[in-house]
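A short worksheet on the structure shown next.
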Amino acid sequence: MRSHLVFWPIVAAVCAASCARSDERHFVLQGQVLSIAPNHHEATIKHEDIQGLMPAMTMPYRVRDPKLLDGLAPGDLIKARLVLVSNDAYLDQVLKTGRAPLDQPPAEAPAASSRFELISPGQQVPNVTLVDQDGRRREFDSFKGQTVVLTFMYTRCPMPTFCPLMDRNFAAIQTKLKADPSLASAPGGVQLVSISFDPITDTPPVLKKHAATLGADPKTWTFLTGDRDEVDKFAGRFGVSVARVTADARDITHNLRTAIIDPSGRLVKVYTGNEWTPDQLLADLK
Ligand SMILES: [Cu+2]
């Protein structure tokens, strides 16, 4: 996967030919349907490289029109148009091109979530030594005394509905915290923590720049990374599954988890995926 800076010109070339609206980007997705959500709003697709966007990976894709997934079943091969807008991504023009037997998942590479024991609400979150956006060593335990809202991300994530959405949600939470003194005065205050599971790219200077781009106030919102295996292990205990399936260590397939941790360091709640909103999380904080 290339950085945004590198793939923008490619995208611009693709868009010049095909973009209906200036803020839309279109890509060709080809792959195999692994599963379809019962409401037909989402399908998990194992897809080939998406030229100019991301390497081959398996992940869920939404459709705006559930009828597009009618008649499809796991195993079907499809070709579709992937539409990216500034804060959304969805498939349209879904075409079935064939069928193939489903691969069994490789037994030697279980998902991180099954390799690490999940922490349950009420349990103590384990400590881990990380490094912050200023390059300082940071124990996760040092956030004790504050209510922590924690998420996992990486800065090169190309899907607007994944990591960039977590960033936008955290930015919205930061704004609302500042506007609502009752929240800011919660015991110890509220600390936002974003941990990158891509330490190869997300060095402290990269995280610092990313934080500045998002308008993150270093007093309220900390960016961390660390040893890759340590981060995977820590993230895995919240249910984050990170897979690096290709030879290029920077290619990452992952899911999303966001957690609230109380000032004593106990897990309060874990949000799955990208379905939660800043308002829901703030209501839970209260
Ligand atoms: Cu991501």
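The values are calculated or read from the model by the stated rules, or taken from the named source; none is laboratory data. Computed from a predicted structure; not experimentally measured. Here the Cβ is made from the backbone with ideal geometry for all residues, glycine too, and neighbour counts use every protein chain on show. Only protein heavy atoms, including side chains, enter the accessible area calculation; ligands, DNA and RNA are left aside. Shrake-Rupley method; radii C 1.70, N 1.55, O 1.52, S 1.80 Å.
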Using a Förster distance of 51 Å, how high is the FRET efficiency between His41 and Lys209, based on the Cβ-Cβ distance and rounded to 0.05?
0.90
A 1.4 Å probe over the protein heavy atoms gives the range 174-232 a carbon and sulfur accessible-area percentage of 62 percent
Pull up all non-local amide H partners of Asp49: gap of 5 or more, or a different chain, and H-to-H distance under 5 Å with H placed in the peptide plane.
Ala56
Which residues' amide hydrogens lie under 5 Å from the amide hydrogen of Arg138, considering only partners 5 or more residues apart or on another chain, with H built in the peptide plane?
Leu130, Val131, Asp132
Scoring the range 149-286 by relative contact order with C-alpha pairs under 8 Å, at least six apart, yields a percentage of 28 percent
Given Lys209/Lys269; Lys209/Lys233; Lys233/Lys269; Lys144/Lys219; Lys219/Lys286, which pairs have Cα atoms separated by over 24 Å?
Lys209/Lys269; Lys209/Lys233
Karplus couplings for the range 269-286 from phi (6.51 cos²θ - 1.76 cosθ + 1.60, θ = phi - 60°), rounded to Hz, Gly and Pro as x?
7, 10, 9, 9, x, 10, 8, 7, 10, x, 5, 4, 5, 5, 5, 5, 4, 5
For the range 229-234, Karplus couplings with θ = phi - 60° (6.51, -1.76, 1.60), whole Hz, Gly/Pro x
5, 5, 5, 4, 5, 4
Let me know the Kirkwood hydrodynamic radius for the range 164-286, please, with Cα pairs as the basis and the value in Å to one decimal.
15.5 Å
How far apart, in nanometres, would the label points at Val268 and Lys219 be if each is projected 7 angstrom from Cα along the Cα-to-Cβ direction?
2.1 nm
What residues have an amide H closer than 5 Å to that of Ile195, excluding those fewer than 5 places away on the same chain, when H is modeled at 1.01 Å from N in the peptide plane?
Thr151, Phe152, Met153, Leu224
Which FRET efficiency value, to the nearest 0.05, do you get for Gln30 and Ala73 by plugging their Cβ-Cβ distance into 1/(1 + (r/R0)^6) with R0 = 30 Å?
0.95
